[in-house]
Amino acid sequence: MSKLFDCIINRNSSFIPIWFMRQAGRYLPEFREIRQKNKNFIKLCLEPELVKDITLQPLKRFDLDATIIFSDILIIPYGLGQKVEFKKGIGPILESFNLDKIIETTPESFLKKISPVYKAINKVAQTTKKESLIGFVGAPWTLLIYMLNKQSPKKDFNFNTINKDKSLIKKLLKKLEEIICLHINKQVEAGANIIQVFDSWAGLLPESDLSDYCFGPNLKIVEHVKSLKIPVICFPKGIGKKYENFCSIVKPNCISIDQDIDPGWIKEKSGGITIQGGMDPKILLSGREKIKSTIEKYLKIFSGHPYIFNLGHGVLPETKPETIEYVIQTVRNKK
């Protein structure tokens with residue numbers, strides 16, 4: 001049993017596991033070297049040998065308790081037939097899609113397009129021993145936003161525009177739930193032993209729609225993962241005080257918090273669920289004294305509560321690898 005698994009399932013608070021969202025990524029020079037030679041990001045995610053190498057890069061540098069497969073949540077829209085590109089300085093760009101074609105996409109057709117993801121997971125699983133291997137998916141709402149908005153909703157997002165065709169949303173959510181569960185099944189079969197669900201844009205939902213678009217769909221995914229006897233971590237980023245409702249309704253094995261969540265508050269409101277993350281990634285761009293004091297704040301607050309050290313979002317590209325090493329040493333040395 002890995003220490004991460006023990007912390008999540010048995011709620012063991014005697015050891016603090018460490019891993020980082022986007023720990024395999026742009027802050028590592030060895031990743032940038034591979035990326036420079038592979039301009040098509042989705043294609044890179046479908047190269048099993050390269051994916052294995054990228055996934056394992058952080059483990060070669062750092063004392064981590066988990067590795068997370070190098071992939072992207074938008075591999076699902078791609079597998080459903082929607083063209084996905086990543087443009088420098090802009091991010092993901094998705095083309096228009098035909099809803100009927102999306103709905104009619106068979107599991108076999110989807111799996112044929114993205115089967116290299118599972119081959120990569122299997123390659124990593126054969127290499128990692130003591131570390132957990134995390135597979136992941138985007139939550140239905142977050143994937144739906146990308147598919148309908150055709151790009152990141154960071155700017156000029158209008159919920160009413162997305163929500164105007166209720167019939168379309170209902171059909172698309174149902175299809176996404178089905179395909180997400182299929183994608184999870186195949187990741188677990190390939191060797192993933194923990195699943196994280198990223199609802200990265202849950203914070204864009206009006207409070208009145210959280211139940212239909214966030215809590216409900218996440219609950220279906222969580223219940224499915226639990227049926228596989230695999231721990232599930234949920235990250236409903238940006239929902240603020242509604243984290244309390246999420247924990248009580250969805251009941252994931254572990255809740256990942258963003259940097260806007262008061263750690264003392266969530267400790268009281270989580271219902272004893274293992275908590276992950278919280279530290280602002282931007283802190284890692286500051287001096288070591290500030291980094292150390294922030295780490296100590298989280299460790300002190302979560303003392304006696306099952307806690308996984310992570311960030312409130314992914315590692316920023318400007319982060320120095322030496323800083324990640326310093327963070328890990330600081331957490332490990334804290335008794």
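For the range 175-242 and the range 293-335, write down the distance between their C-alpha centroids in whole Å.
First find each Cα centre; the distance between them is then 25 Å.
Can you tally the net charge around Ile273? Count Lys and Arg as +1, Asp and Glu as -1, for every other residue whose Cβ sits under 9 Å from the Cβ of Ile273.
Within the 9 Å Cβ shell, the charges total +2.
Which one of Pro48, Pro140, Pro321 has the biggest mean-square fluctuation once the chain is modelled by GNM with Cα springs under 10 Å?
Between Pro48, Pro140, Pro321, it is Pro321 that shows the largest mean-square fluctuation.
If the cut-off is a Cα-Cα distance under 21 Å, which lysines reach Lys229, setting aside same-chain residues fewer than 8 apart in sequence?
Lys3, Lys129, Lys130, Lys186, Lys220, Lys251
At a threshold of 8 angstrom on Cα-Cα distance, excluding pairs fewer than six apart, so keeping six or more, what relative contact order does the range 3-333 reach in percent?
The value is 22 percent.
In the range 223-327, what trypsin sites (Lys or Arg not before Pro) fall in a loop by DSSP, with at most 15 other Cβ atoms inside 10 Å?
Lys229
Could you work out the local net charge near Lys130, counting Lys and Arg as +1, Asp and Glu as -1, over the other residues with Cβ closer than 12 Å to its Cβ?
-2
Rounded, prolate or oblate for the range 53-178? Axes are the square roots of the Cα gyration tensor eigenvalues, ordered a ≥ b ≥ c, and the cut-off for rounded is a/c under 1.5.
It is prolate, given that a/c is not under 1.5 and a/b is the larger ratio.
Could you work out the relative contact order of the range 42-118? I mean the mean sequence separation of Cα pairs under 8 Å and 6+ apart, divided by the number of residues, in percent.
Relative contact order comes out at 33 percent.
So how do 95-105, 52-62, 10-20 stack up, highest first, on mean other-Cβ count within 10 Å?
Listed from highest to lowest mean packing, they are 52-62, 10-20, 95-105.
By the gyration tensor of its Cα atoms, with a ≥ b ≥ c the square roots of the eigenvalues, what is the shape of the range 161-268: rounded for a/c under 1.5, prolate for a/b over b/c, or oblate?
Oblate, because a/c is 1.5 or more while a/b does not exceed b/c.
Using a Förster distance of 41 angstrom, determine the FRET efficiency expected from the C-beta separation of Lys39 and Phe159, and round it to 0.05.
E between Lys39 and Phe159, to the nearest 0.05, is 0.75.
Per-residue counts of other Cβ atoms within 10 Å, averaged by peptide: what ranking do you get for 165-171, 327-333, highest first?
Order by mean packing, descending: 327-333, 165-171.
Which peptide among 64-70, 195-201, 83-89 comes first, and what is the full order, when sorted by highest mean count of other Cβ atoms within 10 Å?
Top to bottom by mean Cβ count within 10 Å: 195-201, 64-70, 83-89.
So if I take the centroid of the Cα atoms in the range 86-136 and the same for the range 56-79, what is the distance between those two points in Å?
12
None of the figures in this text is laboratory data; all of them are computed from the coordinates on show. Here the structure is a predicted model, which is why all the values come from computation and not from measurement. Please note: Cβ atoms are built from the backbone with ideal geometry, for glycine as well, and neighbour counts cover all protein chains shown.
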